[in-house]
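The values are calculated or read from the model by the stated rules, or taken from the named source; none is laboratory data. In this text the structure is predicted, and so the values were computed from the model without any measurement. Positions of Cβ are generated from backbone atoms using ideal geometry, with glycine treated the same way; all protein chains shown enter the neighbour counts.
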Amino acid sequence: FQTFENRFVFYLTNYQDRHELLLFSEAIAGRLETLLAAERISGGIGVLEIEQSDTEIDVDLLLRRLLIASERSLVVSANDFEVCFYDEDLEAMVNREREIRQALAGIAAGESGDELFLQYQPIMSLQTSNVFSFEALARLRTKSLGLVSPAEFIPLAEVTKLIIPLGEYVLRMACQQAA
């Protein structure tokens, strides 16, 4: 059945193991790839396993988890149909990314600036061995996540198109501190 526009849900029972689910998902992906390749549309498949012991099932929770897995499968590869299985580590990663995106959006909107700060790295002349300049390095710290690596927050800033306003913010801050 269809849950959202361009999203479909399959419900399988009595499968042997995760490998069988992967084969089923790859078969669907193969069919979809051939249909959508001409349109240059890619996609992803999120898989959520439900334990047989679960007597009470919260449908909203299941759909949210399935959405997390399917969204992640789209992020993993922009060109191919990827299969992504839901687990708690995946949800923790998605929640972490959401927190970073919210912090970056707040900084870009001017709502908060305490989380983004600059550290300066000296640049030395190889001929004179003297420091002749400094490079401003943006750093992000949030209350809940602590210090966030630039390797993590800069790609998210690029994907969310916040890199330009954040770059302007960093440039403004560096000029103010230099003055």
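Using beta carbons and a limit of 8 Å, which pairs, at least six apart or on different chains, have the first residue in the range 150-179 and in contact (Cβ under 8 Å) with a residue 12 or more places away in the chain and loosely packed, with under 12 Cβ neighbours inside 10 Å and the second one part of a helix (DSSP H, G or I) and not basic (Lys, Arg)?
none
Scanning for something among the acidic types (Asp, Glu) and either touching an Asp or Glu at 6+ places or on another chain (Cβ under 6 Å) or modelled with pLDDT of 90 or more (or both), does the range 72-94 turn up at least one residue? Please lay out each step first, then the result.
First, pick out the residues of the range 72-94 that are among the acidic types (Asp, Glu): 80, 82, 87-89, 91.
Within this subset, residues satisfying the condition of being either touching an Asp or Glu at 6+ places or on another chain (Cβ under 6 Å) or modelled with pLDDT of 90 or more (or both) are 89.
Within the range 72-94, one or more residues are among the acidic types (Asp, Glu) and either touching an Asp or Glu at 6+ places or on another chain (Cβ under 6 Å) or modelled with pLDDT of 90 or more (or both).
Determine if the range 121-136 includes at least one residue that is modelled with pLDDT under 90, part of a strand (DSSP E or B) and of a type outside the set (Asp, Glu).
Among the residues of the range 121-136, not one is modelled with pLDDT under 90, part of a strand (DSSP E or B) and of a type outside the set (Asp, Glu), which makes the answer no.
Residue 137 fails exactly one of the following numbered conditions: (1) within 18 Å of residue 163 (Cα to Cα); (2) surrounded by 15 or more Cβ atoms within 10 Å (Cβ to Cβ); (3) aliphatic (A, V, I, L, M); (4) in contact with a strand residue (DSSP E or B) (Cβ under 8 Å, 6 or more places away or on another chain). What is the number of that condition?
Among (1) within 18 Å of residue 163 (Cα to Cα); (2) surrounded by 15 or more Cβ atoms within 10 Å (Cβ to Cβ); (3) aliphatic (A, V, I, L, M); (4) in contact with a strand residue (DSSP E or B) (Cβ under 8 Å, 6 or more places away or on another chain), the lone unmet condition for residue 137 is (2).
Does residue 21 fit the bill of being within 14 Å of residue 83 (Cα to Cα) and either at pLDDT below 80 or surrounded by 14 or more Cβ atoms within 10 Å (Cβ to Cβ) (or both)?
Taking the combined requirement at face value, the residue satisfies it.
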